[in-house]
1. Tell me the residue from Glu45, Glu92, Glu97, Glu40 that is touching a Pro at 6+ places or on another chain (Cβ under 7 Å) and over 21 Å from Trp211 (Cα atoms), please.
2. Return a yes/no flag: does the range 263-282 have any residue that is touching a Pro at 6+ places or on another chain (Cβ under 9 Å) and surrounded by fewer than 17 Cβ atoms within 10 Å (Cβ to Cβ).
3. Please go through the range 1-18 and pick out each residue that is outside any loop (DSSP other than H, G, I, E, B) and touching a strand residue (DSSP E or B) at 6+ places or on another chain (Cβ under 9 Å).
4. Restricting attention to the range 307-328, does a residue exist that is hydrophobic (A, V, I, L, M, F, W, C), touching a helix residue (DSSP H, G or I) at 6+ places or on another chain (Cβ under 8 Å), assigned to a loop (DSSP other than H, G, I, E, B) and closer than 21 Å to Ser229 by Cβ?
5. In the set Ala274, Ala290, Ala319, which member is touching a strand residue (DSSP E or B) at 6+ places or on another chain (Cβ under 8 Å), of a type in the set (A, V, I, L, M) and either closer than 22 Å to Thr126 by Cα or in contact (Cβ under 8 Å) with a residue 24 or more places away in the chain (or both)?
6. From Asp273, Asp307, grab the single residue that is within 30 Å of Phe180 (Cβ to Cβ), over 19 Å from the mean Cα position of the chain (by Cα), at pLDDT 95 or above and acidic (Asp, Glu).
7. Tell me which residues, restricted to the range 199-222, are buried (at least 23 other Cβ atoms within 10 Å of the Cβ) and part of a strand (DSSP E or B).
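The values are calculated or read from the model by the stated rules, or taken from the named source; none is laboratory data. These numbers come from a predicted model, not from an experiment. Glycine gets a Cβ as well: all are built from the backbone with ideal geometry, and neighbour counts include every protein chain shown.
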Amino acid sequence: MFNNSTILITGGTGSFGHAFLPMMLERYSPKKVIIFSRDEMKQWEMAKLYGDDSRVRFFIGDVRDRDRLYRAFDGVDYVVHAAATKIVPTAEYNPFECIKTNVTGAMNVIDAAIDKGVKRVVALSTDKASSPINLYGASKLASDKLFVAGNAYAGEHETRFSVVRYGNVMGSRGSVIPFFMSVADKGMLPITDPRMTRFMISLEQGVELVWHAFEDMIGGEIYVKKIPSMKITDIARVIAPDARQDIVGIRPGEKLHEQMIGIEDAPFTYEYDAHFKILPAINGWSDDPARIKDGCKVSDGFVYVSDLNPDWMAETALADWITAHHDKIGAI
């Protein structure tokens, strides 16, 4: 699919882009991979890693800028939409800016993709979009709805849109593992709530899920990978076994447990060996055999929540992962 094709990643200098790009160049032979982002310093730093590879291009721009997207999407076959305002407190205190990027930006990506003849678009989402309680989650739920409906909005055009949703990305910049590692030498780790649980997914698994979505999608599907959970107290113990754990309370807009599929989505959700797929409730698409394929519908009342997950990551598995990825944790 990707051989001799042009792929563009919005927000491509973020954690996902840093994982996606080397994996794409190693596994496939793309004609071009375009890193689209608004941060010139991050692009400059990233370009130094790929300066000799003519397949890698960098394009300064913002998803808020519709005209710039139209220029960037010219000749592009596939788009991964990773650009977002995603820090929960930042969104709470800067709501207009969050909406401009996460909602208006999504609309701009959809319009540009359709008008420029992009074949397929996969948008990255978050567990916080399922039954959202903060603005970031609400804006990403709106974004998800926009990309799902974009398949009808495309009309006779061949552009198709899909979404992948996952939770805590292990080791990504700003996430819990690098944060705990950064304060471990102080002898105390702040724990928001000892009951808290989180899904655990690596960046590499996130990339693989995006690739699967590109290959499997008909249009409008939301893909959720099956991944293990961990208690926040267990994560802390692996990183700093001798540190004191101080309970500091849940932050505004933070959930006790991560949810990726809510009970309202159960009637439209199908299970597969390695993932779930939420099909669109609109236009009868949830009953479409082409979208369902070999999936089995989940039971009524099904939810996919980190505390009810049947799969749990062992502390030894996390310790081994940290040892293997120590130099990259929190760096991107």
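1. Details: Glu45 fails: touching a Pro at 6+ places or on another chain (Cβ under 7 Å); Glu97 fails: touching a Pro at 6+ places or on another chain (Cβ under 7 Å); Glu40 fails: touching a Pro at 6+ places or on another chain (Cβ under 7 Å).
Step by step, each of Glu45, Glu92, Glu97, Glu40 is checked, and only Glu92 is touching a Pro at 6+ places or on another chain (Cβ under 7 Å) and over 21 Å from Trp211 (Cα atoms).
2. Taking the range 263-282 as the starting set, the residues that turn out to be touching a Pro at 6+ places or on another chain (Cβ under 9 Å) are 268, 281.
This time we only want the ones that are surrounded by fewer than 17 Cβ atoms within 10 Å (Cβ to Cβ), so: 281.
The answer is yes; a qualifying residue exists.
3. Let us first name the residues in the range 1-18 that are outside any loop (DSSP other than H, G, I, E, B), namely 6-10, 15-18.
Listed by number, the residues that qualify are Thr6, Ile7, Leu8, Ile9, Thr10, Ser15, Phe16, Gly17.
4. No, every residue in the range 307-328 fails to be hydrophobic (A, V, I, L, M, F, W, C), touching a helix residue (DSSP H, G or I) at 6+ places or on another chain (Cβ under 8 Å), assigned to a loop (DSSP other than H, G, I, E, B) and closer than 21 Å to Ser229 by Cβ.
5. On the way: Ala290 fails: touching a strand residue (DSSP E or B) at 6+ places or on another chain (Cβ under 8 Å); Ala319 fails: touching a strand residue (DSSP E or B) at 6+ places or on another chain (Cβ under 8 Å).
Being touching a strand residue (DSSP E or B) at 6+ places or on another chain (Cβ under 8 Å), of a type in the set (A, V, I, L, M) and either closer than 22 Å to Thr126 by Cα or in contact (Cβ under 8 Å) with a residue 24 or more places away in the chain (or both) holds for just one of Ala274, Ala290, Ala319, which is Ala274.
6. Numbers: Asp273 fails: within 30 Å of Phe180 (Cβ to Cβ).
Only one candidate qualifies: Asp307.
7. Scanning the range 199-222 gives Phe199, Ile222.
Quick grid of which residues meet (1) within 27 Å of His326 (Cβ to Cβ); (2) assigned to a helix (DSSP H, G or I):
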residue: Asp234; (1), (2): yes, yes
residue: Pro241; (1), (2): yes, no
residue: Asp265; (1), (2): no, yes
residue: Trp285; (1), (2): no, yes
